[in-house]
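The next block holds one structure in the form of structure tokens; read it before the comments.
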Amino acid sequence: MSAETLRAKIREIPDFPKPGILFYDITTLLKDPGAYRESIELMLEPYRGERIDVVVGMESRGFIFSSPMAYELGTGLVPVRKLGKLPADTLTVEYALEYGSNTLEIHRDAILPGQRVLIVDDLLATGGTVRGTLDLVERLKGEVVGLAFLVELEFLNGRERLEGRKVTSVVRY
């Protein structure tokens, strides 16, 4: 299955969650077992030769992909969550959204200094959320190997906020 075949499985919903927004709904891809499996394989492909110690999944749709990727790579999985969702001592970062801001957290003991980290999410848009996640991983002295996404909205230029990083995506709009 190619990236174009996967792209055809993503439903486009106009005016969601508000007028003027075209929403890319991945649930139609996820319910197809072959497409779901292939999306994970294509997201993993650029990192198969890398030494990765831990996969970081970003809340919440990033968990859908980071969990099987960590399993396939034989690594641990670390969730980055929204404020107030993690029970132990955390580091937090606030990041800007189009209208307002949000806060992400990671457990302080989630990543050891020098561990090689792959950050995973379903979508790269403006790059704000992943930029916050990068900050958290680097504050814990993790070494980011790459950033893997299923979908990239190239017209929002999120990749520019991640300069100097290995950024991979399967389906691009």
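What follows is calculated from the coordinates using simple rules that are stated; it is not laboratory data. Just so you know, these numbers come straight off a predicted model, no measurement behind them. All Cβ positions, glycine included, derive from the backbone under ideal geometry; neighbour counts span all protein chains shown.
Structure notes:
- Test set (1) assigned to a loop (DSSP other than H, G, I, E, B); (2) touching a residue at least 60 places away in the same chain (Cβ under 8 Å) - T126 fails condition number: (2)
- Count - residues of region 60-70 that are without any contact (Cβ under 8 Å) to a residue 60 or more places away in the chain and over 13 Å from R37 (Cα atoms): 3
- Looking across region 65-88, the residues that are surrounded by fewer than 18 Cβ atoms within 10 Å (Cβ to Cβ), of a type in the set (D, E, K, R) and within 17 Å of the chain's Cα centre (by Cα) come down to E72, K82.
- Residue ID - farthest from D25 (Cα to Cα), chosen from residues in region 126-136 that are crowded, with 19+ Cβ neighbours inside 10 Å and within 13 Å of the chain's Cα centre (by Cα): L134
- Condition met for V145 (surrounded by 18 or more Cβ atoms within 10 Å (Cβ to Cβ) and closer than 26 Å to Y24 by Cα): no
- Residue in region 89-107 that is of a type in the set (D, E, K, R), crowded, with 17+ Cβ neighbours inside 10 Å, assigned to a strand (DSSP E or B) and under 16 Å from the mean Cα position of the chain (by Cα) present: yes
- Extreme residue, nearest to E138 (Cα to Cα), among residues of region 72-88 that are in contact with a Leu (Cβ under 8 Å, 6 or more places away or on another chain) and in a strand (DSSP E or B): V80
- Residue in region 51-59 that is in contact with a Leu (Cβ under 7 Å, 6 or more places away or on another chain), without any contact (Cβ under 8 Å) to a residue 60 or more places away in the chain and under 22 Å from S169 (Cβ atoms) present: no
- Hits in region 37-58 (condition: surrounded by fewer than 17 Cβ atoms within 10 Å (Cβ to Cβ) and closer than 16 Å to D122 by Cβ): R37, E41
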